[in-house]
Every structure is written in structure tokens, then in C-alpha cells.
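Engineer: Handing you this structure, nothing more for now.
The values are calculated or read from the model by the stated rules, or taken from the named source; none is laboratory data. All values reported here derive from a predicted model rather than from experimental measurement. We place every Cβ from the backbone using ideal geometry, glycine too, and count neighbours over all the protein chains shown. Note: areas computed on protein heavy atoms with side chains; ligands, DNA, RNA excluded. Shrake-Rupley method; radii C 1.70, N 1.55, O 1.52, S 1.80 Å.
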Amino acid sequence: MTTVAAIDPSATAEVVEDALPVARARHPWRWLIGAVALVLVAQFAHGLITNPGWDWPTFAKYFTARSVLEALRLTVELTCWGTLFGFLLGGWLAVARLSKIPVLQVISWTYVWAFRSIPLIVQLLFWFNIAYLYPRLSIGIPFGPEFFSFEVNGVIGGFTAAVIGLALHQAAYSAEIIRAGIISVDPGQLEAAKSLGLPWRRQFFTIVAPQAMRGILPNAANEVISLFKGTSIVSVLAIAELFYQVQVIYGRNGRVVPLLMVATVWYIVLTSVLTVVQYYIERHFAKGTVRDVPPTPWQRVRGKIAEITGERR
């Protein structure tokens with residue numbers, strides 16, 4: 001009598017897997033491209049360190065100079081005021097553009113069209129010389145009595161003209177960014193809110209705005225960074241912001257390259273700070289779209305360190 005032994009399928013699969021040769025995937029082109037990229041980076045770093053034309057001692061001398069830091073503070077102030085007033089006005093322009101009132105739609109569209117068509121430097125020079133057209137301004141009823149008036153030169157100086165020009169220019173672009181974010185929200189969300197009988201303020205601030213922010217934030221952050229770097233154009237108004245102050249210094253000592261590097265590094269540092277702030281704000285508004293918010297880079301580093309130390313133990 002012949003007996004047939006039972007065969008374990010898992011054991012057979014293990015034998016078959018052990019018998020199959022495992023060939024490693026080779027990617028020579030990846031290694032070659034990576035090596036070429038590292039060589040280029042090393043050559044660039046070598047040039048930065050060894051080329052005397054960069055004049056790093058002069059860079060170190062003026063990087064934290066008092067005049068440069070004061071100019072940097074003025075640059076940050078221009079950016080903050082331009083962003084604040086620009087996005088406040090841009091928000092109202094976006095709402096007017098989306099309203100059902102034809103007059104507001106036309107005014108908003110005309111504003112965006114006009115201020116996107118005129119170069120920023122022209123707007124700044126116009127506001128800087130506004131007293132030539134209107135030496136005195138008054139508030140009152142058109143073609144009627146005026147309530148009070150004031151001298152333009154006493155109110156609009158160089159800094160104020162720069163803030164007005166930057167804010168009005170920024171408002172035209174931020175209006176379109178905000179409008180795009182609002183119309184990106186699914187109309188069904190508003191229909192559901194209306195069916196629940198929610199007032200329009202709650203509809204906007206609790207349903208539309210949080211969802212629109214996810215579309216607004218990346219473009220808005222780009223505009224803020226562009227405005228921060230674009231403040232250098234106010235140097236035409238002889239305002240001592242960062243780029244103007246750097247120009248003044250290298251105009252005296254003739255060290256153009258290291259002074260330009262001072263401005264460049266400060267722009268890079270503050271732009272990096274704005275990028276980090278953008279990341280955390282976007283992460284905050286992403287909570288409603290994903291079940292678990294991805295860990296921050298710092299949390300990933302801490303987790304990796306904990307994993308390594310845990311394995312060692």
C-alpha cells in the first residue's frame with residue numbers, strides 16, 4: 001500500500017523563492033548624474049571660498065552693521081504694511097467682483113485691470129509726486145461743501161508714498177488670488193449651508209473661507225515673498241531700505257560684490273523664514289483634507305533619532 005505524504009504549500013514556496021536568483025537593479029546613469037552634480041556643487045563652493053573677489057571679510061563687516069540692520073527693519077515694515085493693506089483691499093475687491101451688483105463688479109474689474117497694467121515703479125513715482133497734482137486734499141460732498149482739508153506734503157512723505165504704492169499694486173494681484181480661491185470651493189458646499197439655514201457670514205467664515213484658504217495660501221505666499229523682494233524698487237524714492245543702503249555703502253567704499261552679497265543673503269534668510277511660516281500655515285489648513293496630518297520635518301528628524309537610539313538599545 002502506497003502512502004502519499006502531505007506537502008506544506010508554504011514550505012514549497014520558501015524552497016522556490018530560495019532557488020530563484022535575486023538580481024539587484026543597477027542604475028549607473030543615476031550614479032553618474034549624481035556624481036556630476038556633486039562635482040559641480042563642489043566647484044561652486046570652492047570658487048566661493050577661494051576667490052578673493054567675493055571679499056568675505058568685507059561681507060562679515062557689514063552683514064550685521066547697524067545701518068544695514070536698520071535698513072532691513074525698514075524693508076520688513078514696508079513688506080508688512082504693503083501685505084496688510086494690499087490683502088485687505090484685495091479681499092474687498094474679490095468680494096465685489098463676485099457680487100451680484102454690476103456697479104461693484106465693473107469697479108473691481110477696472111481697478112484690477114488698471115493696477116496690473118501700470119508698472120510698480122511708475123505707481124511709486126506717481127504717489128511720491130502726488131502733491132504736484134493735488135497740493136491740498138479735502139473731504140466732503142462732491143460739488144458741495146467740504147468738511148475738512150489738509151496739505152498733501154504734510155501727510156504723504158516718502159515712506160507713506162511707498163506703502164500706498166506697494167499696497168495698491170499688491171491689492172490688484174491679491175484680489176485675483178482670493179477670487180480664485182473662493183470660486184474653487186465646490187458650489188455644493190454653499191448649497192448645503194443654505195439648506196441648513198445658516199446666515200451668510202457663517203457660510204463664508206466657517207465653510208467657504210477655510211476651504212478657499214488651501215487654494216489661496218500658496219499663491220498668496222508667493223506674492224508676499226515677491227513683495228518683500230520688490231521693496232528694493234522703492235530705492236528710486238531715496239528711502240533707506242536694504243538695497244538702497246547697500247548702494248550707499250558700496251558707493252562710498254567701492255566694494256560692490258560683497259555689499260551685494262550682504263543684501264542677497266539677508267533676502268535669502270528672510271525668504272526662508274517666510275517659507276517656513278507658509279509651510280506651517282498650509283499644514284494647519286490641511287487638517288480638513290487628510291485623516292492624519294503629515295509630520296513636520298523636525299518631527300521626522302526626532303522620530304529618526306528615536307528609532308536609531310532605540311535600535312542601539
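Engineer: Would you check if Ser174 is open to solvent by less than 30 Å² (accessible area, probe 1.4 Å), at pLDDT 90 or above and among the polar types (S, T, N, Q)?
Structural biologist: yes
Engineer: Gly53 fails exactly one of the following numbered conditions: (1) more than 19 Å from Asn253 (Cβ to Cβ); (2) exposed (fewer than 14 other Cβ atoms within 10 Å of the Cβ). What is the number of that condition?
Structural biologist: With respect to (1) more than 19 Å from Asn253 (Cβ to Cβ); (2) exposed (fewer than 14 other Cβ atoms within 10 Å of the Cβ), Gly53 is out only on (1).
Engineer: Is it true that some residue in the range 141-155 is open to solvent by less than 70 Å² (accessible area, probe 1.4 Å), touching a helix residue (DSSP H, G or I) at 6+ places or on another chain (Cβ under 7 Å) and closer than 26 Å to Gly90 by Cβ?
Structural biologist: Looking through the range 141-155, at least one residue is open to solvent by less than 70 Å² (accessible area, probe 1.4 Å), touching a helix residue (DSSP H, G or I) at 6+ places or on another chain (Cβ under 7 Å) and closer than 26 Å to Gly90 by Cβ.
Engineer: May I pose another question? Among the residues of the range 191-232, how many are more than 18 Å from the chain's Cα centre (by Cα) and not acidic (Asp, Glu)?
Structural biologist: Number satisfying all stated conditions: 20.
Engineer: Let me ask something else. Tally time: how many residues in the range 66-94 are surrounded by fewer than 18 Cβ atoms within 10 Å (Cβ to Cβ) and closer than 18 Å to Ile268 by Cβ?
Structural biologist: Residues flagged as surrounded by fewer than 18 Cβ atoms within 10 Å (Cβ to Cβ) and closer than 18 Å to Ile268 by Cβ within the range 66-94 amount to 3.
Engineer: Right, here's the next one. May I ask you to verify whether Ala167 is within 23 Å of Cys80 (Cα to Cα) and either surrounded by fewer than 16 Cβ atoms within 10 Å (Cβ to Cβ) or aliphatic (A, V, I, L, M) (or both)?
Structural biologist: In short, yes.
Engineer: Are there any pairs with C-beta distances below 6 angstrom linking a residue in the range 205-227 that is open to solvent by 50 Å² or more (accessible area, probe 1.4 Å) to a residue that is at pLDDT 90 or above and in a helix (DSSP H, G or I), with the two at least 6 apart or on different chains, and if so which?
Structural biologist: Every condition considered, the pairs that remain are Asn219/Ile177.
Engineer: Ok, one more. Only one residue in Tyr111, Tyr132 is open to solvent by 30 Å² or more (accessible area, probe 1.4 Å) and modelled with pLDDT of 90 or more. Which one?
Structural biologist: Tyr111
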